[in-house]
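Throughout, read-outs are computed from the coordinates displayed, never taken from laboratory work. This one's a predicted model, so the numbers in the text were calculated from it and none came from an experiment. All Cβ positions, glycine included, derive from the backbone under ideal geometry; neighbour counts span all protein chains shown.
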Amino acid sequence: MKKILIVAGARPNFIKISPIIRELKKDKYNFDCKLVHTGQHYDYEMSKIFFEELEIPQPDYFLNVGSDTHAKQTAKIMIEIENVINDYGPDYVLVVGDVNSTLAVSITSKKMFYRVIHVEAGLRSFDMKMPEEINRIITDRVSDLLFVSEKSGIKNLINEGIDEEKIYFVGNVMIDTLLYQLKKLKNDKINIKNHGVLTLHRPSNVDNRDKLQEIFNVLNSISDKMEIYFPVHPRTKKRIKEFGINISNNIKLMEPLGYNDFLRLWKDSKFVITDSGGIQEETTVLGVPCFTLRDSTERPVTIEFGTNTLISNNYEKLNNLIDDVLNNRYKKGKVPEYWDGNASKRIIEVLRNENM
Ligand code: UD1
Ligand code: UDP
């Protein structure tokens, strides 16, 4: 029986591991798996609620690292995960996404001669000022099995000299969760109509006072056309308060939402404005217009095929595109290949057939 140690630490990680664990558990004869929660995210709304809603089992190990500088947070995870790996002695360590937990665990595992699996490999924004880009490049470099969610990932990995035999194009586990949860919601509707949704948490947008106020000046004026609901990430909440950012009453601030409440909020919205990675993908699948407040995206398929548009700081473009949405002129988009709810099944199939 193959032993797999699965690691998650931050909100988007929980959403990605849920369908993988569900599939692994179905296959009782081939796999034994244990789950580590690093504690990178710890508030109820950033962590536990996802375990409850997404049917994720209780973690077998909780590292309790909390928030800190990049160096300290990464280092704490490395120290703690070493003990876990020694205790469990896995055949594989599986990491997802691009957060500090992903980086810390992949490096530590590889140095201990364990085989590393990276789910969501190969994504590149080509912006080394993003902490996630550094995490992605290094994690991919030390990984033994690389599961790719969109085709750009294959090209990026090959260009970086990664052996093609390690790369598997399997689709998008985030979409496995989206389609699974959507079925559970059935025809649930919220009472709000004709609204936009906003999420914002990238350091490049929220950690600088002038930049953050500039963004809200634009969003305040957009919110005159239509109310915007804004579940506020804890990083952003702190900055809004610290900088005294001026936000219109038409932008409805709320605590971060659980997966289902957030899904109910955005699936029937007119548009989503975001700097999130995962939300660019989810909106593409349900055909909701998405405007990404960033200079680059590591998920180009959402622009080429999907409903996403990069705004950068071209706010006039944003205004025009929102008018296009309201007048039903915005692009409709298509669903990318293998974003069909079966990515985790494809991953498990590869792992089952893998010779260690
Ligand atoms: C992290 C990831 C980012 C990901 C995001 C998803 C890294 C480098 N960044 O960013 O890639 O897109 O998660 O949401 O790994 N905080 C709380 N409660 C929590 C968690 C955080 O109050 O449960 C606050 C703390 O003040 C903390 C700040 O948010 O200092 C930032 O948290 P951190 O995990 O360092 O980075 P994120 O911005 O959440
Ligand atoms: N999400 C959520 N509640 C919220 C905001 C986001 O459940 O209030 C979900 C969202 O649907 C997506 C994931 O969190 O599945 C994205 O995480 P986040 O934006 O924090 O991280 P990123 O994808 O940018 O790394």
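Roughly how many nanometres apart are two label points built 7 Å out from the Cα toward the Cβ at Ser204 and Thr69?
2.3 nm
Residues of segment 15-44 with amide nitrogen under 13 Å from the 7 Å Cα-to-Cβ point of Glu255?
It comes to 43-44, nothing else.
Suppose R0 equals 30 Å. What FRET efficiency, 1/(1 + (r/R0)^6) with r the Cβ-Cβ distance, do Asn86 and Val142 give to the nearest 0.05? Working shown, then result.
Details: r = 18 Å, r/R0 = 0.61.
With R0 = 30 Å, the Cβ-Cβ based efficiency is 0.95.
Can you show me the helix-derived [θ] at 222 nm for the chain, built from DSSP H runs with n ≥ 4 at -39,500 (n - 2.57) apiece and divided by the number of residues, rounded to the nearest 500. Please list the in-between numbers first.
Details: 15 runs with 160 residues, N = 356.
The helix contribution divided over the chain gives -13500 deg cm²/dmol.
DSSP loop (so not H, G, I, E, B), at most 13 other Cβ within 10 Å: list which chymotrypsin sites (Phe, Trp or Tyr not before Pro) in segment 12-109 pass both filters.
Numbers: sites: Phe14, Tyr29, Phe31, Tyr42, Tyr44, Phe50, Phe51, Tyr61, Phe62, Tyr88, Tyr92; in loops: Tyr29, Tyr42.
Those satisfying the criteria are Tyr29.
What's the exposure ranking of Ser204, Ser312, going from fewest to most Cβ atoms within 10 Å?
The order, fewest Cβ neighbours first, is Ser312, Ser204.
I'd like the trypsin sites (Lys or Arg not before Pro) in segment 1-48 restricted to DSSP loop residues with at most 15 other Cβ atoms within 10 Å, sorted by number.
On the way: sites: Lys2, Lys3, Lys16, Arg22, Lys25, Lys26, Lys28, Lys34, Lys48; in loops: Lys28.
For trypsin sites (Lys or Arg not before Pro) across segment 1-48 that sit outside H, G, I, E and B with at most 15 neighbouring Cβ atoms in 10 Å, the list reads Lys28.
HN-Hα J couplings of segment 329-336 from phi, Karplus 6.51/-1.76/1.60, θ = phi - 60°, integer Hz, Gly and Pro as x?
Per-residue couplings from phi come out as 10, 6, 4, 8, x, 10, 8, x Hz.
Place a +1 charge on the Cβ of each Lys and Arg in the chain and a -1 charge on the Cβ of each Asp and Glu, then give the dipole magnitude about the Cα centre in debye, rounded to the nearest 20. Could the numbers behind the result be given before it?
Details: 50 positive and 50 negative charges, 112 e Å.
Magnitude of the dipole: close to 540 debye.
Any idea what the relative contact order of segment 25-180 is, in percent, if you count C-alpha pairs under 8 Å spaced at least 6 apart? Mind showing how you got there, number by number?
On the way: 221 pairs, mean separation 24.2, N = 156.
In percent, rounded to a whole number, it is 15.
Hey, what do the phi angles of segment 129-140 turn into as Karplus ³J(HN,Hα) couplings, whole Hz, using 6.51/-1.76/1.60 and θ = phi - 60°, x for Gly and Pro?
Along segment 129-140, the couplings run 7, 7, x, 5, 5, 5, 4, 5, 5, 6, 4, 4 Hz.
Taking the Cα centre of segment 205-306 as origin, work out the dipole magnitude from +1 charges on Lys and Arg Cβ and -1 charges on Asp and Glu Cβ, in debye rounded to 20.
That gives a dipole near 300 debye.
Shape of segment 81-134 from its Cα gyration tensor (a ≥ b ≥ c, root eigenvalues): rounded if a/c is under 1.5, otherwise prolate when a/b > b/c, or oblate?
Numbers: a/c = 2.99, a/b = 2.17, b/c = 1.37.
Here segment 81-134 falls in the prolate category.
What does DSSP give for segment 1-152 in terms of the percent of beta bridges that are antiparallel, rounded to the nearest 5? It would help to have the intermediate numbers written out before the result.
Numbers: 0 of 21 bridges.
Looking only at bridges with both residues in segment 1-152, the antiparallel portion is about 0 percent.
Can you tell which of Ile107, Ala10, Val96 lies farthest toward the positive end of the dipole of segment 1-139, using +1 and -1 charges on the Cβ of basic and acidic side chains (Lys, Arg; Asp, Glu)?
It is Ile107.
Size of the dipole of segment 31-183 about the Cα centre, Lys and Arg at +1 and Asp and Glu at -1 on the beta carbon, nothing else charged, in debye to 20?
On the way: 15 positive and 25 negative charges, 75 e Å.
Roughly 360 debye for segment 31-183.
Please say if segment 112-271 is rounded, prolate or oblate, where rounded means a/c under 1.5 for a ≥ b ≥ c the square roots of the C-alpha gyration tensor eigenvalues, and otherwise the choice is prolate for a/b larger than b/c and oblate otherwise? Provide the component values of the computation, followed by the final result.
Values: a/c = 2.71, a/b = 1.57, b/c = 1.72.
It is oblate, given that a/c is not under 1.5 and a/b is not larger than b/c.
If you find the alpha carbon centre of segment 187-231 and of segment 90-146, how far apart are they in angstrom?
What the calculation gives is 31 Å, centre to centre.
With labels modelled as points extended 7 Å from the Cα through the Cβ direction, what inter-label distance (nm, one decimal) is found for Asn319 paired with Asn355?
6.4 nm
How high is the relative contact order of the chain, in percent, counting Cα pairs under 8 Å that sit 6 or more residues apart? Working shown, then result.
Working: 671 pairs, mean separation 56.0, N = 356.
Computed value for the chain: 16 percent relative contact order.
Does the chain come out rounded, prolate or oblate, given a ≥ b ≥ c as the square roots of the eigenvalues of its C-alpha gyration tensor, rounded meaning a/c under 1.5 and, failing that, prolate meaning a/b above b/c?
Values: a/c = 1.71, a/b = 1.55, b/c = 1.10.
It is prolate, given that a/c is not under 1.5 and a/b is the larger ratio.
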